Each structure stands twice: as structure tokens, then as C-alpha cells.
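Structure first, commentary second.
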Amino acid sequence: MKKSILGIVIIAMVVIAMMVGNVNAANLAVNNAEVKKGDVVTVSVNTEEASQAVEFVLNYDATKFEYVADSAASTLGAPIVNASEAGVIRLVVTDPIKTTNAVTLQFKAIEDTEGAVFTASNFSTDKEEELTAASVTVKVVTETPVEPENPVDPETPEEPTTPETPADNNEGTTTNNNTNANEKVGTNGQVITKLPQTGTPMFIGAAVVIALAGVALVVRKNRK
């Protein structure tokens, strides 16, 4: 009799241990643990089994993050979201037709922080899962502009070039720039100071011819 009772107790303990070991566990997760200021981070509550009812409260630092939206409306029915209190969101959503394994919430990073903590509490589903990982931490940094490795100096404007002086085609020929405009220059470049008298010899020749003609005429008349 005692052996039978002991056997039943052992079997019951094994069954209880198996049931405890098979308890489904949910968790709180984030898509990126470090974001830049202005980025949107997604915080999600994930379940092992698809659920038709999800309820939880999420606490966050409202001075570092701004609540943007949630996914419950697309995965289940219209959610009941209460975000009137800064830093606290209460979400309740049920749908007898649809099921989901995750409910996500989106937050915009508004200030730098070494670590802002998101914490979920009062969690429950229709599958009676337990929330084993109830908090996540997100770091927010300001993006630093990257300077080029080899900054290029602005181009220095080129200095204007002086036009070349045209070459003198009459190299070797000396020209007297002080020559008077009325002076004549010969082919050898020398100034002609005395011009040849071209008109005087012609007049003298004509006078001699006329005189000779007159003498001949006088002689002929005397002979007659």
C-alpha cells in the first residue's frame, strides 16, 4: 500500500515538472539597440503561440522617445491604447478570428541618451504565457558628420598671362625714329640731305638750242 502511494506521488511530481517546463514564455524585444536622433525604433512583445488576446503596460522615457504608432490594428482588431500619461502606454487588443505572435510599438528618438529603458508589465494572453524578458535598453546618439580624409583645397585662380610682344619682322634694320616727316630716307636707311636737281639741266639745254637756232637764222638772212 505504501509503495502504491509513493508511486502515485512520484508520477504526479513528474507530470507537474513537465507542465512547468512546458510553460510558454513571451519576451520584450527591440529591432535596434542603438539608433540616431530622429530615427524610429520598434519595440515588440513576442509570444510563442499565436494569440487572439494581448494585454500589457509599457513604460518608457518620454523625454528621450516619442510614441508614434502600434501594429495591433493591422494584426488583430482595433486596439484600445491609452497613451495619455507621459511615458506609459496601456494596450488591450482582442480578436476571435485573427491571431498574432507579436504586437509592436514604434517610438521616435528625440534626445541623446546612453540608455533608455523600455519595460513591460501586467502582461497576459489567452494562451496564459509568461513574460520572461520584460525590459530592453536603447541608446540614442547624434550622427557626427564624417569629414573627408583628404580635403581638397579650392582651386587657386590662375594669374593672367601677359600677351607676347609680336616679333619685329625688320630685325637688323635700323630706323631713325627722330627722322623729320619731310626728310627722305634712302634704300640703305640713310637720310638724304641733298636731292638731285633734275629740272635745271633741261632748261639750260632748251635755251642753248633756241640760241643756236637764232644764230643760224641771222646768218642765213645776211647771206641773202
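Derivation of every value follows stated rules applied to the coordinates shown; laboratory data play no part. Predicted model only: the values in this text are computed from it and were never measured. Glycine gets a Cβ as well: all are built from the backbone with ideal geometry, and neighbour counts include every protein chain shown.
Grab segment 24-141 and count how many Lys pairs have their alpha-carbon atoms under 27 Å apart, sequence gap of 8 or more, or different chains.
10
With a 10 Å radius around each residue's Cβ, average the other Cβ atoms per peptide and rank 97-108, 126-137, highest first.
Highest mean packing first, the order is 97-108, 126-137.
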